[in-house]
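Asks: Below you will find the structure I want to go over with you.
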Amino acid sequence: MPQIVTFEAFRVSLPLVHSFETSSHRKSYLEHILVRLTDAGGAVGWGEVASPSDPYFCTETVDTCWLMLERYLAPALLGREWSTPEDASAAWSKLRGHHFARAGVDVACWDLWTRTNGVPLARALGGTRDRIEAGVSLGLEPTVGELLDQVKRHVEDGYRRVKLKIAPGWDAEPVDAVRAAYPDLALQVDANGGYTESAEHVAALEALDDAGLVMIEQPFPPGALAAHARLQARLRTPLCLDESVDDLDQLDTAVTLGAGRVLNIKVSRMGGLTQARRAHEVAVRHGIAVWCGGMHEFGVGRAANVAVASLPGFTLPSDVSGSDKYYTRDVVSPPIRARDGLVSVPLEHPGIGHEVDEELVRDLASRTLRLTSA
Ligand code: MG
């Protein structure tokens with residue numbers, strides 16, 4: 001039975017190859033927290049807290065995650081014996097919210113446990129695929145011409161599906177331009193909750209209904225499940241929920257209301273692999289199509305995404321693009337790569353299937369936390 005005796009965390013920034021803009025912010029680098037757990041037998045597991053720096057995607061930030069790790073998650077886990085990662089996650093079940101912070105610890109427990117048991121993470125979760133269809137998510141670009149350049153580059157790289165960020169005033173024009181250039185491309189859009197139910201915004205969303213989109217993701221803010229249900233009733237295009245669903249109760253409400261036909265399962269947003277796997281089970285049971293979104297994870301979090309996307313209900317292309325699309329140098333080896341729009345699930349090695357460059361992580365860390373059991 002694992003018993004965590006050392007809990008370490010590292011704040012690490014990596015520069016982005018191409019700065020990324022959504023309806024709320026623009027970034028040229030990302031700062032995440034890497035979590036390293038060591039058990040009494042010397043086994044190690046890694047996880048990643050991929051929280052945005054600012055509270056625009058959700059209420060968490062890198063600073064709040066650091067506080068939760070130090071003050072609540074590490075003390076809850078240290079010294080406690082657990083038999084499975086589900087059992088480990090009971091240690092922090094009293095904590096409300098803070099899913100990104102929890103996810104980093106949950107993934108580290110899964111990595112440690114599967115390494116100890118000599119099992120690839122994907123198989124331990126119940127994954128059945130050995131390759132994942134990779135989609136790519138493009139940010140808001142300054143002009144339609146620059147957006148078309150980005151789409152061209154990624155289609156030529158073999159990505160099977162392209163997702164565009166939209167915002168009020170930047171929707172029909174870019175979508176129509178991409179659709180005209182690529183009539184058969186699997187294309188979807190994500191508004192990150194930037195629209196309201198005003199007549200003008202609803203008309204703008206309805207105008208996308210003829211573009212043959214795979215889905216329209218999160219048009220309204222997270223709490224607006226009823227508004228999503230009303231819009232879904234007016235559209236043929238499936239709505240996808242992202243920010244609206246970060247626990248199983250919200251998923252139950254969404255299913256009951258008919259607030260969407262697709263679910264973007266993010267390991268970070270759901271609070272880790274344990275909850276992501278449960279959400280996948282519920283979605284499959286209700287005929288909701290599932291895919292795996294990302295938070296521009298470094299290699300550790302990206303490997304966890306690849307593992308969960310190998311579950312049978314993940315039938316749509318996932319945002320598990322190669323890390324070279326985002327970062328010149330990643331913290332894991334081998335790096336995660338997409339070839340012809342497919343990412344291989346690493347089934348030859350136990351755990352997340354990639355080795356963490358610990359020296360690099362320690363070198364890059366702007367802040368380090370190390371707590372041990374008494
Ligand atoms: Mg999204």
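The values are calculated or read from the model by the stated rules, or taken from the named source; none is laboratory data. What you see is a predicted model, and the numbers here were worked out from it, not measured in a lab. Positions of Cβ are backbone-derived with ideal geometry, glycine not excepted, and every protein chain shown enters the neighbour counts. Surface accessibility is based on the protein's heavy atoms, side chains included, excluding ligands, DNA and RNA. Shrake-Rupley method; radii C 1.70, N 1.55, O 1.52, S 1.80 Å.
Asks: For the range 123-344, just the Cα set please: Rg and Dmax, both in angstrom.
Replies: Cα only, the range 123-344: 16.7, 50 Å (Rg, Dmax).
Asks: What translational D, rounded to a whole number of µm²/s, comes out for the chain from Stokes-Einstein when the hydrodynamic radius is the Kirkwood one over Cα pairs, at 20 °C and 1.002 mPa s? Before the final figure, lay out the partial values.
Replies: On the way: Rh = 20.7 Å.
D = 104 µm²/s.
Asks: Modelling each spin label as a point 7 Å along the Cα-to-Cβ direction, I'd like the residue 348/residue 70 distance in nm, to one decimal.
Replies: Each label point lies 7 Å from its Cα, and together they span 4.1 nm.
Asks: Provide 57, 220 ordered by accessible surface of protein heavy atoms (probe 1.4 Å), highest first. Write down the numbers at each step before the final one.
Replies: Working: 57 30, 220 0 Å².
In descending accessible area the options line up as 57, 220.
Asks: Once phi is turned into θ = phi - 60°, what whole-Hz ³J(HN,Hα) does the Karplus curve with 6.51, -1.76 and 1.60 give for every residue of the range 286-299, x standing for Gly and Pro?
Replies: Coupling constants for the range 286-299: 9, x, 8, 6, 10, 9, 10, x, x, 10, 6, 4, 6, x Hz.
Asks: Would you grab the residues whose amide H sits under 5 Å from the one on residue 161? Only those 5+ places off in sequence or on another chain, please, with H modelled 1.01 Å from N.
Replies: The answer is 136.
Asks: Would you mind computing Rg(Cα) / (2.2 N^0.38 Å) for the range 23-150, counting N as its residues?
Replies: On the way: Rg = 17.8 Å, N = 128, 2.2 N^0.38 = 13.9 Å.
Output field value: 1.28.
Asks: With every protein chain present, what is the per residue accessible area of the chain (1.4 Å probe, Å²)?
Replies: So the chain comes to 39 Å² accessible per residue, rounded to a whole number.
Asks: What is the percent carbon and sulfur in the accessible area of the chain, measuring with a 1.4 Å probe over the protein chains and ignoring ligands? All intermediate terms of the calculation are to be shown ahead of the outcome.
Replies: On the way: 7060 of 14570 Å².
Answer for the chain is 48 percent, counting heavy atoms of protein chains only.
Asks: If you don't mind, there's one more thing I want to ask. About its Cα centre, what dipole magnitude does the range 221-297 give when the only charges are +1 on Lys and Arg Cβ and -1 on Asp and Glu Cβ, stated in debye to the nearest 20? Working shown, then result.
Replies: Details: 9 positive and 8 negative charges, 73 e Å.
Charge dipole, the range 221-297, about its Cα centre: 340 debye, nearest 20.
Asks: Jot down the per residue volume, in cubic angstrom and as a whole number, of the convex hull over the alpha-carbon atoms of the range 99-163. Numbers along the way, then the final one.
Replies: Values: hull volume 8.3 nm³, N = 65.
Normalising the Cα hull of the range 99-163 by residue number yields 128 Å³.
Asks: Find out how many positive minus negative residues lie around residue 41, taking Lys and Arg as positive, Asp and Glu as negative, among other residues whose Cβ is under 13 Å from that of residue 41.
Replies: -1
Asks: Among 108, 124, 79, flag the residue with its Cα farthest along the positive direction of the charge dipole of the range 71-150, charges on Cβ as +1 for Lys/Arg and -1 for Asp/Glu.
Replies: 79
Asks: Just to be sure I understand the model, the point goes 7 Å from the Cα along the line to the Cβ. What's the resulting residue 358 to residue 203 distance in nm?
Replies: Placing both labels 7 Å along Cα→Cβ, they lie 6.2 nm apart.
Asks: Another question about this same structure. For the range 133-145, take each phi angle, set θ = phi - 60°, evaluate the Karplus expression 6.51 cos²θ - 1.76 cosθ + 1.60, and give the result in whole Hz per residue in order, putting x for glycine and proline.
Replies: So the J values, rounded to whole Hz, are 6, 9, x, 10, 10, 9, x, 5, 9, x, 9, 4, x.
Asks: For the range 276-353, list log₁₀ I(q)/I(0) at each q in 0.25 Å⁻¹, using the Debye formula over Cα point scatterers of equal strength and ignoring solvent, two decimals each.
Replies: One equal scatterer on each Cα of the range 276-353 leads to -1.21.
Asks: To the nearest 20 debye, what charge dipole does the chain have about its Cα centre, counting +1 at the Cβ of each Lys and Arg and -1 at the Cβ of each Asp and Glu? Before the final figure, lay out each step's value.
Replies: Numbers: 37 positive and 50 negative charges, 124 e Å.
Dipole about the Cα centre, nearest 20: 600 debye.
Asks: Further question: Between residue 321 and residues 5 or more places away or on another chain, which pairs have amide H atoms under 5 Å apart, with H built 1.01 Å from N, and which residues are they?
Replies: Residues meeting the amide H criterion: 135.
Asks: Can you run phi through the Karplus equation (6.51, -1.76, 1.60; θ = phi - 60°) for the range 112-128 and list ³J(HN,Hα) in whole Hz, with x for Gly and Pro?
Replies: Coupling constants for the range 112-128: 4, 5, 6, 5, 4, 8, x, 10, x, 4, 4, 6, 4, 6, x, x, 10 Hz.
Asks: Next up: Total Lys pairs in the chain closer than 23 Å by alpha-carbon, pairs eight or more apart in sequence or interchain only?
Replies: 14
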